[in-house]
Structure formats: C-alpha cells, structure tokens
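Student: Let me begin by handing over the structure; questions about it come next.
The values are calculated or read from the model by the stated rules, or taken from the named source; none is laboratory data. Treat the numbers as computed from the prediction; the structure is a model and nothing was measured. All Cβ positions, glycine included, derive from the backbone under ideal geometry; neighbour counts span all protein chains shown.
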Amino acid sequence: MDKKILIIDDDEDFVAITKTIFETKSFQCVTAYSAKEGLQKIKKENPDLIIVDVMMEDMTAGFRLVNTLRTAEEDSEYHPYSKIPLLMVTVFEDVTKIDIQKKAGTTLLPVDEFMRKPVKPRELLAKAEKMLA
Amino acid sequence: MNMKEKLKILIIDDEASIRDSCSQVLSKEGYITETAEDGSVGLEKVKKTKPDLVLVDLKMPGISGMEVLESLKEIDPDIVSIVITGYATIESAVEAMKLGAYDYVPKPFTPDELRLITNRGLEKRRLLLETATLRQEKKQMEENFISLVTHELRSPLIAVKQYFDVILDEEIGGKLKVKQKEMLGRASERIDGLMKLVNDWLQMMGIKEEEIAKRSQDFDLKPLLGEAMELLQPLADKSEVALQLKPLDDIPRAHGDKITLTHVFLNIISNGITYNRKGGKVTVSLREDGEFLAVDVADTGMGIPEESLPLIFDQFYRVRGKGTRKLIGTGLGLSIAKRIVEAHKGQIKVQSTLGKGSTFTVLLPRAPQHKKQKSKKSP
C-alpha cells in the first residue's frame, strides 16, 4: 500500500482531512494548495492518483488543471502524467447550478470520478481504492 | 476628436440629394457615415453595421419611416434616431417621438442645424450606453455576490462537517466514548441543518423569473415526476411510506424549467413522506385543469391545522405539533416551491384534513400550440 495520492485544494482543512483519511490506510499523501502548485507537484511527485478541487485561484482553476493534463501532447512536459487517474471534488455545482456530474468522463470534463463536498470518508476511500486498483 | 471617428451614422432617405448632403456634412464632422435608399435596406444596414445614430426620412416608398422606427428599437434598444420630415407637421413629429425617435429635423435644414441636432443625439447615445454598461455591471455584481456568498458560507460549513465525519468514523478517527459519539453526532446533525438552510436561502435568492423563462421548454411531466419519485424511494422505504404514481393517460406537455420544477416536486413529495405515518402512502397524480396541467400530491399524514394553512407557504413558517418536533426542516422549502411555481405563472395550493392527510396541487402552464398535436409524425 505505498500508492501516492496528490491532494490539490485551496481549503487547508479539506486537505488536512483528506490526508488524515488516506494516511490511516497507509497511503502516502502529498499536498498542493493551488492549481499552479498542483501542476508543479504532479511533475515532482508523479502521483498514482490526483484529488483536485475546482474553485481555487479562480472559479475554474481545477477545470484547467485537468484539461492541461488530459490534453497534453507528446511534446508537452505534462505528457508523462496525462493518464494519472483524476478524482474531482467540489461544491462547484451548488454555486453554478451546472450539473457537472453528468459531464464527468467526457471531453468536457476529462476526470475519472467526481464527488460532491462534503464527501463521506468511507465513500472517498472506496472510490480511491477502486481507481487505484 | 478621436472618439468622434468611431461613431457611425446611418442616413435612410429615398432622396439621393439628401443622403449625399447629410453624408458630406457629417463626414466632415469626423463621423463614419453610411446611407440607405429605403427602409428595408436601412434596417439591414442597422443590423450589420450597428450605427450609433440613424437619420430617417418619414416619407419613403416601401417600409415607411414610422415602421423603421418601430423596428430599430428591437435591433438596438439604445440606438438614437432622428426623423427627417418634409411635411413638418406637429402630428407626424409627435407620433415619431412616441415611437422612440429622439428628435426631428424639418426639411429644408441647414448644415448647422443638422450638425447641432446630430451632436446632441450622439451625446444622448453616449449617456444611454453608459447607463446600459452600469446596468450590466450592477447585474453582474448581484450575480457574483450570490456566488461569492454561497462559496464563502458553504466552505467553512463543509470543512466542519468533514471533520465531524472523520471523527465519527472510528475506524479512521479512533475510538470514541459513547457520550462523545452521541454529542458529536448531534453537533454534526446541526451542521447539516445549517448547511441546508444556507442552501435553501441561497436558492431562494437565485429564483428569477426571467432566468426561469429563459430555461423554459416544452416537456412531459410524467418522466419528470417519475424521476423525482425514484430519487425519493430510499427516503420512502426508510419511512415505511408507499409511493404511487397514478397511471396517466395522454396528458399534454407542460412548459417550464425542468431543473427548478424537479426541485418543487422533490420538495412536496418528500414533505408528503416526512409528514406521514408508518404504513402510509403518497399518491402523485396528473390531470388537466382548465388552462393548466395539475399535479396532485396526496399524503396520508397528520394533516395541517386549518389556522396554519394560510401560513405554510411563508418563509420560515413551520407547523408546530407533537408529530413535527423531531423533524429537521428549515421552513423554507414550501416558500421556495411557491416562488418557483409563481415564476412559471402557475399556482400552488393545499387542502388538508387533520388526521387524514394533505393534498398539494401544483398548476403549471401547458406547452403552447400542442393542444391537438397527438401524433408525432408530420403529415
């Protein structure tokens, strides 16, 4: 169980909680507090799973991050990381009334899974374990 | 002078000499001018080049100046139009002003008169555009304000909730004393309640008639009700209440915003489940009611005391009674439902018999022009 999870969220509490949840199951956790820092950490840490928020530096920072990763061409510095499983966690829907759950997995929102905050610890664990399997 | 160069003036007149002389005078002033020989060419050019000001002759073959004036405001509500009139009677000028013309210039006119009146018209245009920008900014601010408040209010609540979830999950957070677990559980429930209140309140702020109208479409109520009931099935199972959708015949399509209406039915049906008795049922049925389509949601619950009936759609009103004390609610659900339904130009009503149950009825407008169209094939 030495899988490495990168948690990207500007809410320090959310990062701390998520880290606690995964560390009890002896996952290795690395953290970033903005999309910008997140992209740096992706290159530095090469995680097995990325958990990412939507609203950070601005309303859509998380969307841009997942798009940067997923659409990285071969000559891009992010290309080696373009297939890392992505789990998006957000309250975005409540703010914008846009139903993004339905868009998860499409080219519009190229993430593998999507969860609404607040997330239940057990559901988060179960989803992450499934994604890492 | 730089500002002037960007301003566009369109001259619509069937007389070539007027077009040319106006164009000459106004080009010299530094405006971009364009001309059209009749009303329909003129309107096309308005759509294409979006002029700031239009000079229009009242008496032209084809589309008249008056008709041009009427169409102009639809293309650009802030456009300034000045009427050129050969028969400078007060009546025609007054009528033109009624149709939204800013001013009129009687034929024959001198270049100075033309310059004066156009400059004044363009000053008006500048003011109109400024107002429009301010209005837009204000609207933007209001919208952003709600988004911002939503995020700022929800984020801390969600963080607190997440801490509770982790602490209460003993496998993750470690063993708790029974008393601790009980108190933390209660605290967590209160946070849920507060979160729901914030959501409800913000939703209420967000209900705007024009937005609902923009999202409205023709749709079938039956699948929408079916989906809402499916979502509520777990709650019904837990409460041991049966959910029933009455068989529906050929019911015309409704017209409305599916997202907010789903919310209305979720709210009313879940009320029917929550304020019910064990072994009770909630029946949802659909019928035509005059010009409306009616959805009835009937429960077999405790009913609502008569004196409370006029109040249940008010904000924060909750029926107090022995059966309701333990139920968590914000007192906003029905007032939100009412606002949504009324924004659809519909109605929401209730009938109730104490001890027997209540029936909520939602009246919604029908889809237009679908009254006789039963077969989907075109002839």
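Student: So B:Ile84 ticks every box in (1) more than 10 Å from chain A (Cβ to nearest Cβ); (2) within 20 Å of A:Lys117 (Cα to Cα) but one. Which box is left unticked?
Tutor: It is condition (2) that B:Ile84 fails.
Student: Listed residues B:Gln203, B:Gln217, B:Gln244, B:Gln233; which is under 16 Å from B:Phe265 (Cβ atoms), in contact with a His (Cβ under 8 Å, 6 or more places away or on another chain) and polar (S, T, N, Q)?
Tutor: Result of the check over B:Gln203, B:Gln217, B:Gln244, B:Gln233: B:Gln203.
Student: Which count do you get for residues in the stretch B:170-187 that are within 14 Å of another protein chain (Cβ to nearest Cβ) and in a loop (DSSP other than H, G, I, E, B)?
Tutor: 2
Student: Then there's this: Of all residues in the stretch B:205-264, which are aliphatic (A, V, I, L, M), surrounded by fewer than 15 Cβ atoms within 10 Å (Cβ to Cβ), within 17 Å of B:Leu364 (Cβ to Cβ) and within 14 Å of chain A (Cβ to nearest Cβ)?
Tutor: Scanning the stretch B:205-264 gives a single hit, B:Ile259.
Student: Moving to a separate point now. For the structure I just gave you, tell me whether B:Leu311 is loosely packed, with under 15 Cβ neighbours inside 10 Å and modelled with pLDDT under 85. It would help to see each step written out before you state the result.
Tutor: Working: loosely packed, with under 15 Cβ neighbours inside 10 Å: yes; modelled with pLDDT under 85: yes.
Judged against the criteria, B:Leu311 is a match.
Student: Within the stretch B:53-69, can you find the residues that are of a type in the set (Asp, Glu) and within 17 Å of B:Asp103 (Cβ to Cβ)?
Tutor: B:Asp57
Student: I'd like to verify a number: residues in the stretch A:6-25 that are hydrophobic (A, V, I, L, M, F, W, C) and either surrounded by fewer than 16 Cβ atoms within 10 Å (Cβ to Cβ) or touching a Pro at 6+ places or on another chain (Cβ under 6 Å) (or both), how many?
Tutor: 2
Student: Follow-up. Of all the residues that make up the stretch B:134-169, how many are buried (at least 17 other Cβ atoms within 10 Å of the Cβ), farther than 15 Å from B:Ala187 by Cβ and more than 9 Å from chain A (Cβ to nearest Cβ)?
Tutor: Qualifying residue count, the stretch B:134-169: 1.
Student: Could you check B:Ile268 against (1) closer than 24 Å to B:Tyr317 by Cα; (2) modelled with pLDDT under 90 and say which number it fails?
Tutor: Failing condition for B:Ile268: (2).
Student: Restricting to the stretch B:194-252, what's the tally of residues that are assigned to a helix (DSSP H, G or I), among the charged types (D, E, K, R) and touching an Asp or Glu at 6+ places or on another chain (Cβ under 9 Å)? Before the answer, list the steps.
Tutor: Step one: of the stretch B:194-252, the residues assigned to a helix (DSSP H, G or I) are B:194-206, B:209-215, B:221-239.
Next, from what is left, pick out any that are among the charged types (D, E, K, R): B:196, B:200, B:209-211, B:214-215, B:222, B:227, B:230, B:237-238.
With touching an Asp or Glu at 6+ places or on another chain (Cβ under 9 Å) added as a condition, the list becomes B:209, B:211, B:214-215.
Result for the stretch B:194-252: 4.
Conditions (1) modelled with pLDDT under 95; (2) in a helix (DSSP H, G or I); (3) under 14 Å from A:Leu124 (Cβ atoms), marked per residue:
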site	(1), (2), (3)
A:Asp2	yes, no, no
A:Leu6	no, no, no
A:Phe14	yes, yes, yes
A:Glu23	yes, yes, yes
A:Val30	no, no, no
A:Lys36	yes, yes, no
A:Lys41	no, yes, no
A:Ile50	no, no, yes
A:Glu57	yes, no, no
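Student: Would you confirm whether or not the stretch A:68-88 contains a residue that is out of contact with any helix residue (DSSP H, G or I) (no Cβ under 9 Å at 6 or more places or on another chain), within 14 Å of chain B (Cβ to nearest Cβ) and either surrounded by fewer than 18 Cβ atoms within 10 Å (Cβ to Cβ) or not in a helix (DSSP H, G or I) (or both)?
Tutor: Checking the stretch A:68-88: not a single residue is out of contact with any helix residue (DSSP H, G or I) (no Cβ under 9 Å at 6 or more places or on another chain), within 14 Å of chain B (Cβ to nearest Cβ) and either surrounded by fewer than 18 Cβ atoms within 10 Å (Cβ to Cβ) or not in a helix (DSSP H, G or I) (or both).
Student: Looking at the stretch B:1-106, what helices (runs of 4 or more DSSP H) fall wholly within it and have at least 1 residues that are among the β-branched types (Val, Ile, Thr) and either loosely packed, with under 15 Cβ neighbours inside 10 Å or touching a residue at least 24 places away in the same chain (Cβ under 8 Å) (or both)?
Tutor: By residue number, B:16-28, B:39-49, B:65-75, B:90-98.
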